[in-house]
Each structure stands twice: as C-alpha cells, then as structure tokens.
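The values are calculated or read from the model by the stated rules, or taken from the named source; none is laboratory data. In this text, all values refer to a predicted model and were calculated from it rather than measured experimentally. For neighbour counting, all protein chains shown are included, and Cβ atoms are generated from backbone atoms with ideal geometry for every residue, glycine included.
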Amino acid sequence: MKNIILTGDRPTGRLHLGHYVGSLKRRVELQNSGRFDEINILIADDQALTDNADNPGKIRENIINVVLDYLSVGIDPTKSTICVQSTLPALHALTFYYMNLVTTARLSRNPTVKSEIQMRGFADEGLPVGFFAYPVSQAADITAFHANVVPVGEDQLPMLEQTREIVEKFNRIYGETLTMPTAMIPENEMQRRLPGVDGKAKMSKSLGNCIYLSDSAAVVKKQINGKMFTDPLHLQISDPGHTEGNVVFTYLDAFCTDEHFAEFLPDYANLEEMKAHYRRGGLGDGTCKKFLFNVLEETLAPIREERARWAKDIDTVYDILAAGTVKAAETTNETLAQVRKAMRIDYF
Ligand code: ATP
Ligand code: MG
C-alpha cells in the first residue's frame, strides 16, 4: 500500500504563526522525510464558499496568498502537489454520492460543525445546506486521493471520524474501493493551539490576534510591543513577575531554544534561568519582548524573504498551481471512475 497524505487549507486569509506551528512546519518535515509516496495539498476554495457565498472575491484573492505562504515556508512543488478544489469536478461528484451515506442526524452531532454554526450566526439566520454538509465534501477530498494519512488539527478530528464512517459504509455496500484514512494530530499543546497575541484565545484570523507569516518586521514588533500583555503586577523592573499566563513567556516557551540565548541574550543559558530572574524581579518587559522579537524573526525573516522572491515571480506561482491541478485531476478522476464502477453506475 502507498503512503499518501492529504492536507490543505481554506483560502479565507493569509496564513499565520498558528498555522505555521500547528500544521505548516510539520508538513514541510513530512514532505522532506521521504516517508511518503505522495503529498497532496488542497486549497479548499469550495469549502470556503460554504460560509462566504456572498464574498467570492475574498476567496479568489486568498488562493494565491495561501500558495505564496506555502512556497515561502518550504513546501516544495516538486515533492508536494498543490491543487485547487474547485477545479477538480470529481470531488463534487464524490460529495454527491457520499451525501446518500450520511444522515442529517449524524451531521448534526458533529461538535466542530455545531460550534461553527453558533459562531457564524447560522443558528439564527438559517443554516446553508452546503455548510451543513461540508464534512461530506471533506470525505470526498480525502478519499479522492486515497489518502491514508491526514494531518489535522484537533478541531478536525470529527471530520476524519465522519470520513472513516463514509469509507466503512461505502466499502460495505459497494465493495472494497476506498482507502481508510487515519488522522495524524499535533504532538504538543502549542501545536494544537497557539494563543493569539492577546493571549486570550487561539490565534485566529477572525479574532484579529494574529502574526501573519507575511507581516513585515515592523508589524511583528508592533504586535509584540503593543498587543502582548505581560504581567499586570510587574510595574517596575525590580518587581517580582509572573511567567505563567504571561503571553511573552508563552511564546518563548513555544519558540525559543538555548541557541537563541547564546545568540541574543547571553546573560542566561536557557529559558528557565530567564524565567527565574523575571520571577525574582529585576528583568524588564522591554528586554523580554526584544528577545522574543529576535526569536520570532529567526523563523519569520527567511519566510518573508522567500515570499518576496516568489511574489516577484507570480507567473511561476500560477504555473505551479496549474501543474498541481492537472496532476490532481488525473488522480481524482481515476478515483471517481473506481467509485462509479463499484456502484455500477458506470453506464457508458
Ligand atoms: P478562522 O478565524 O476563519 O477560524 P483560523 O485563523 O482559525 O481561521 P483555520 O482555517 O480555522 O484558521 O485553521 C485551519 C487549521 O490551521 C486548523 O485546523 C489548525 O490545524 C490550524 N490552526 C489554525 N490556527 C491555529 C492555532 N492558533 N494554533 C495551532 N493550529 C492552528
Ligand atoms: Mg479557526
């Protein structure tokens, strides 16, 4: 059996640091591990339309933003296939067939969809059928590539469970055809849920608490200095401070290494020593924030440079997307043919 990954993103905005730690970084590692026969990355523009039907322009412009983000973090189009969902009609057909294998009661129980319905106000305004059924379209995406490994955030686990049920049911009714996928979930808390710069909620574009991969150094600095709360009781440098619940330290926990200390803050050997000093008193927030800026820039500066390089060569970016889509069309059309054959609706 081949080892095939399917993963992707909704093109509803530029990608941020939460996406980087939660999924992009690991995608690049998986891509370069040599452990996989195929890596498919789907830009889910149709899925994005299910709750943005009135704003297709936003989706259109963010397709290219997302591709630029991918290329700038190290997704390599010679190793990973980047494709656009709406250009793959096999996915629509599969969704249509799978909808017959799922009940509305089952979809209504999906906890992620439930909370998204609340968040988007669909509970009051009325729920678009397309949005309600998007877990079915995700099942189409995953199975169309015969993916056996699906790297997802925890919020996506119910989708994968739904897909597994569809695969089980399809294979039971029509004969062994679809590949049973398994989820690969992030290992640590930060990867699961990087908080926003406000420290309150998960970093999320709709909450406006993001550091985007494409933000300039000046914007990153402004976010750190202006939006990151430290310890409200740490008024004077000499005051003892708290590192728990202190956003600057939460980020340092996630991003800094001992090498960063050697390079930028040689007074300390590691984060424990720095934290101990902060707790004792005598370490100012300004120093901590400057260090965090330097630490984040180690990740962000090369990404920003790569992005600028690709942005100058936008024709090549479109070519990459077109080539990925041609390849994905072959794969997904073949799966659709297998599905129609299994269902014995391959009439001609
Ligand atoms: P929205 O505000 O529209 O929900 P978002 O910025 O939260 O957008 P999503 O499209 O919901 O981004 O995220 C897609 C995937 O990216 C998630 O399933 C998760 O794997 C990962 N992800 C997003 N935000 C974070 C975060 N703050 N920490 C870790 N992973 C994240
Ligand atoms: Mg979200």
Quiz item: Hey, any hits in region 284-296 for a residue that's more than 24 Å from the chain's Cα centre (by Cα), among the β-branched types (Val, Ile, Thr) and not assigned by TED's automatic domain parsing to the domain that holds Asp69?
Solution: yes
Exercise. Evaluate the following for Thr177: is it under 16 Å from Leu42 (Cβ atoms) and away from ligand 1 (no atom under 14 Å from the Cβ)?
Key: no
Quiz item: Given the structure, is Thr12 touching a residue at least 60 places away in the same chain (Cβ under 8 Å) and over 30 Å from Asn171 (Cβ atoms)?
Solution: yes
Exercise. Tell me which residues, restricted to region 166-193, are within 28 Å of Thr103 (Cβ to Cβ) and within 16 Å of ligand 2 (Cβ to nearest atom).
Key: Ile185
Self-check item: Sole exception among (1) surrounded by fewer than 21 Cβ atoms within 10 Å (Cβ to Cβ); (2) in contact (Cβ under 8 Å) with a residue 60 or more places away in the chain; (3) more than 9 Å from ligand 1 (Cβ to nearest atom) for Asp51, by number
Solution: (3)
Quiz item: Among the residues of region 198-211, how many are near ligand 1 (Cβ under 10 Å from one of its atoms) and touching a strand residue (DSSP E or B) at 6+ places or on another chain (Cβ under 9 Å)?
Solution: 7
Practice problem: Working carefully through the options Gly196, Gly130, Gly121, Gly153, find the one that is in contact with a Leu (Cβ under 9 Å, 6 or more places away or on another chain) and within 16 Å of ligand 2 (Cβ to nearest atom). | Solution: Gly196
Practice problem: Could you please let me know if Thr163 is away from ligand 2 (no atom under 13 Å from the Cβ) and surrounded by 15 or more Cβ atoms within 10 Å (Cβ to Cβ)? | Solution: yes
Self-check item: Among the candidates Leu49, Leu42, Leu71, residue that is aliphatic (A, V, I, L, M) and more than 20 Å from Asp319 (Cα to Cα)
Solution: Leu49
Quiz item: Would you say Ser238 is closer than 26 Å to Glu306 by Cβ, in contact (Cβ under 8 Å) with a residue 24 or more places away in the chain, not assigned by TED's automatic domain parsing to the domain that holds His19 and not hydrophobic (A, V, I, L, M, F, W, C)?
Solution: no
Quiz item: Looking at Lys227, is it within 16 Å of ligand 2 (Cβ to nearest atom) and either surrounded by 16 or more Cβ atoms within 10 Å (Cβ to Cβ) or not assigned by TED's automatic domain parsing to the domain that holds Tyr98 (or both)?
Solution: no
Quiz item: Of the residues that sit in region 1-57 and are part of a loop (DSSP other than H, G, I, E, B) and basic (Lys, Arg), which one is farthest from ligand 2 (Cβ to nearest atom)?
Solution: Lys2
Exercise. Please verify whether region 160-177 includes one or more residues that are closer than 23 Å to Arg27 by Cβ and either in a loop (DSSP other than H, G, I, E, B) or under 13 Å from the mean Cα position of the chain (by Cα) (or both).
Key: no
Exercise. At least 1 residues that are touching a His at 6+ places or on another chain (Cβ under 9 Å) and within 25 Å of Glu330 (Cα to Cα) in each: list the helices (runs of 4 or more DSSP H) lying fully within region 100-157 that qualify.
Key: 134-144
